[in-house]
Amino acid sequence: MNPQQKSPSMMKLGLILYPFTMAAVAVNLYMLSLAWQRIGLPVLPPVTAVLISLVLCIPVNWLAARWVRSLFDEADG
């Protein structure tokens, strides 16, 4: 980055990354429900997995934004 440019804030990074982390959490939750079917638990419908991921995504999104921010800081030197 140009020294005059500021790196994006955590809030901005979080808003940019939210759709991607939400989709990743939804897919992983659905795949987990397919795996737990093996022990007799019911499979989550995909819509339910997406709705649950809306809430579960918040801490995951914060961690992802923090990680990307650290990569920006490392790249800036």
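So here's what we get for this one:
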read-out	value
Calculated FRET value between TRP67 and GLN37, using beta carbons and R₀ = 25 Å, to 0.05	0.20
Cα shape, the chain, gyration tensor, a/c 1.5 rule	prolate
Nitroxide proxy distance, nm - points 7 Å out along Cα→Cβ at ALA23 and ILE52	2.1 nm
Cα long-axis angle, helix 10-36 against the chain (0 to 90 degrees, to the nearest 10)	20 degrees
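Bear in mind that the values in this text are calculations on the coordinates, not laboratory data. Note that the structure is predicted; figures quoted are calculated from it, not measured. In this analysis, Cβ positions are derived from the backbone assuming ideal geometry, glycine residues included, and neighbour counts consider all displayed protein chains.
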